[in-house]
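What follows is a set of notes on a single structure, which appears directly below.
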Amino acid sequence: MSCRRSNAGRSTAGATLPHLTVRETEVAQLVADGLTNKEIMQRLRLSRRTVETHVSNIRAKLDVTSRAALAAAVIRAGQSS
């Protein structure tokens, strides 16, 4: 059973995240929605390693050290657009 926070009132769909590719933006939004790497892998039909690489690249580009900080950056970007 996975635990997800509600994104009621927040939309990350149009989030502007500088320097991220379209696919990285998609993965970042799914992380912000609370999906695990396995769930992202299944939803986007990607390999485990590909998802891990995307998450690692996103964290480096956004200069964050955790999934929670990554999610917060996506949410902030969505609120500012």
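List of remarks:
- Packing-based order for 26-35, 59-68, 46-55, using average beta carbon neighbours within 10 Å, highest first: 26-35, 46-55, 59-68
- Nonpolar atom fraction for the stretch 40-81, defined as the carbon and sulfur part of the 1.4 Å probe accessible area, stands at 47 percent.
The values are calculated or read from the model by the stated rules, or taken from the named source; none is laboratory data. In this text the structure is predicted, and so the values were computed from the model without any measurement. Counting neighbours? That spans all protein chains shown, and the Cβs are built from the backbone with ideal geometry, glycine included. Accessible surface areas use protein heavy atoms only, side chains included; no ligands, DNA or RNA. Shrake-Rupley method; radii C 1.70, N 1.55, O 1.52, S 1.80 Å.
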